[in-house]
Amino acid sequence: MRAVIYHVSKITYLGLISLMAGQTVAQAADQTGSHFIHGSWVNVREAGDPSARVIDKLVTNTPVNVVDRQGSWCQINYGEGKNGHVSCDLLGGSALTLAQTATQPARAFWVAPSPNRLVAYGQSLPIPPAFRLSELRKRVQAGDVVRYPPIPEFDAAKKVMKDGVLLNPAHETNRGTSIDIAQEMSAYSVRPAPIRPSLFRTHESVALVSEADADGLAAIARKKVSLVPEGLPRGWFQNHSGPEIDGVSGFWDVGSASLSFAQPLIIYSVASNGLVGAKAVRKLPFAVGEPPEGCGSRYTGKSLPSMAHMVWSAPLDHLEYDPVPGYPALEKGVDVLTSFAVPQTFQRQSAKIKTQSQALTKLPKQEFEVNPERIRELGPKVILYEVDLDGDGVTDVMLLEKPMRFGEVTLDIVRHRSWYLNINGEWFKAGDWEDQDCT
């Protein structure tokens, strides 16, 4: 493979980044005392003058103490005996929240560092003209390395993630409002049993693989996660196209990466026979900016796509895990109803499963006539699985499997799966999975 390198004026490009950093949601510091940095990569200068020497850089929400104000400049103390001057416009009286920085990826990363927010930050950086896709197509072939110019702040952010962070569950969990489960299942005759508060009392007490990616699972499990860059961006084109590239892998100058855990992330899986298996995950693949997935079954939102490889011990690059001693091995071919992470060790090796079903003769998204013999042969039915994890007689996780249509290519039933969580006696949506009619 040949490396493709483009040179961009460092002064021009970093000047553009500096202008972005100067856009702030902060209100100017109007008094002395305790404050917080509201810029994302703020220059600390020797004196209150824009031409004074830069002696340090501070990131969003760094606490500082304003000791004096001279015009638009604030003299600050911070850290272990450090001092300098910053623009008062880049200070605020309280720390910024993720909600306040929702449209500012750089600040959002420093407010709550995470793998996903590092990606969002990298993807938000302004693309120099030489790196626009229209220009790259003239010079870059599939597989060629593309070297983006280094950006000090982004390099600092990458270092934070390489060192590892402990994520805040409140930042990574958002299931919205509870749902009316009777209304949710009104089209079918299957009905779940009434519930009350049981195993999961708060949203931060569980994350299902069907609803959470590595950020969410690590946050719930209280595991420190690191993002380790492992390759440079490369040009790619989709199947059935080319030779012009359709995109570049990765985010900014990170082409590929992996996630590693200081202490293994334990993922528990419940099989349809009631057995509970467990895998200790040390490393996960982390792919961003890759060609779109081809046709195939998949989760429709946030998820951990590599979970199937762990359950069935299938090889996958950058995936490292071990079976947890004391838990049963799930036999290949057994249907896994749900997989999850929790803050404490889940000690049960089995769960209680209740199953209801309803046979169907017509499917909701069927667009062509189906031979009645084929309907009888495939026997489409809605299946409701109620999973009682702690054996108290109350459902903790529910899975609804619905046949959507008969496939024209696979000659099988195309199904949709929906998960629900009992959080303190109320039902919440917890992800979806859909089959696709593929060649």
*Inside region 178-219, can you point out the residues that are under 25 Å from Lys381 (Cβ atoms) and hydrophobic (A, V, I, L, M, F, W, C)?*
Ile179, Ile181, Ala182, Met185, Ala187, Val190, Ala193, Ile195, Leu208, Val209
*asked:* Against the condition among the charged types (D, E, K, R) and over 30 Å from Thr32 (Cα atoms), how does Arg45 come out, does it pass?
replied: no
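Okay, residues lined up against (1) touching a helix residue (DSSP H, G or I) at 6+ places or on another chain (Cβ under 8 Å); (2) among the small types (Gly, Ala, Ser); (3) modelled with pLDDT of 70 or more; (4) open to solvent by 20 Å² or more (accessible area, probe 1.4 Å):
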position	(1), (2), (3), (4)
Lys365	no, no, no, yes
Arg415	no, no, yes, yes
Tyr420	yes, no, yes, no
Gln436	no, no, yes, yes
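Yes/no per residue for (1) at pLDDT 80 or above; (2) part of a loop (DSSP other than H, G, I, E, B); (3) in contact with a Pro (Cβ under 7 Å, 6 or more places away or on another chain); (4) open to solvent by less than 80 Å² (accessible area, probe 1.4 Å):
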position	(1), (2), (3), (4)
Val334	yes, yes, no, yes
Leu337	yes, no, no, yes
Thr345	yes, yes, no, no
Lys354	yes, no, no, no
Val370	no, yes, no, yes
Glu373	no, no, no, no
Arg376	no, no, no, no
Leu384	yes, no, yes, yes
*Quick one: what pairs do we get from region 93-110, first residue open to solvent by 70 Å² or more (accessible area, probe 1.4 Å), second among the small types (Gly, Ala, Ser), C-beta under 7 Å, 6+ apart or different chains?*
Ala102/Ala108
*How many of the residues making up region 250-275 are of a type in the set (Gly, Ala, Ser), within 20 Å of Ser226 (Cα to Cα) and open to solvent by less than 10 Å² (accessible area, probe 1.4 Å)?*
3
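Yes/no matrix, rows are residues, columns are (1) modelled with pLDDT of 50 or more; (2) surrounded by 19 or more Cβ atoms within 10 Å (Cβ to Cβ):
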{"site": "Val25", "(1), (2)": "no, no"}
{"site": "Val44", "(1), (2)": "yes, yes"}
{"site": "Lys57", "(1), (2)": "yes, no"}
{"site": "Thr60", "(1), (2)": "yes, yes"}
{"site": "Pro63", "(1), (2)": "yes, no"}
*When Lys279 is evaluated against the numbered criteria (1) more than 17 Å from the chain's Cα centre (by Cα); (2) surrounded by fewer than 18 Cβ atoms within 10 Å (Cβ to Cβ); (3) within 30 Å of Val206 (Cα to Cα), which criterion, by number, is the only one it fails?*
(2)
*asked:* Return the residues of region 124-148 that are assigned to a loop (DSSP other than H, G, I, E, B), surrounded by fewer than 18 Cβ atoms within 10 Å (Cβ to Cβ) and touching a helix residue (DSSP H, G or I) at 6+ places or on another chain (Cβ under 9 Å); say none if nothing qualifies.
replied: Pro126, Ile127, Pro128
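Considering every residue within region 219-240, establish whether at least one is among the small types (Gly, Ala, Ser), surrounded by fewer than 20 Cβ atoms within 10 Å (Cβ to Cβ), modelled with pLDDT under 95 and under 30 Å from Gly289 (Cα atoms).
The answer is yes, given that some residue of region 219-240 is among the small types (Gly, Ala, Ser), surrounded by fewer than 20 Cβ atoms within 10 Å (Cβ to Cβ), modelled with pLDDT under 95 and under 30 Å from Gly289 (Cα atoms).
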_Can you tell me which residue is most open to solvent (accessible area, probe 1.4 Å) among those in region 150-170 that are among the β-branched types (Val, Ile, Thr) and either without any contact (Cβ under 8 Å) to a residue 60 or more places away in the chain or in a loop (DSSP other than H, G, I, E, B) (or both)?_
Val160
_Considering only region 171-194, I want to know if a residue exists there that is among the aliphatic types (A, V, I, L, M), in contact with a Phe, Trp or Tyr (Cβ under 7 Å, 6 or more places away or on another chain), open to solvent by 10 Å² or more (accessible area, probe 1.4 Å) and in a loop (DSSP other than H, G, I, E, B)._
yes
*Does at least one position in region 97-113 carry a residue that is part of a strand (DSSP E or B) and polar (S, T, N, Q)?*
no
*Just for region 298-317: of the residues that are farther than 18 Å from Val270 by Cα and open to solvent by 80 Å² or more (accessible area, probe 1.4 Å), which one is modelled with the highest pLDDT?*
Lys302
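The values are calculated or read from the model by the stated rules, or taken from the named source; none is laboratory data. Just so it is clear, the structure is predicted and the values come from calculations on it, not from any experiment. We place every Cβ from the backbone using ideal geometry, glycine too, and count neighbours over all the protein chains shown. Only protein heavy atoms, including side chains, enter the accessible area calculation; ligands, DNA and RNA are left aside. Shrake-Rupley method; radii C 1.70, N 1.55, O 1.52, S 1.80 Å.
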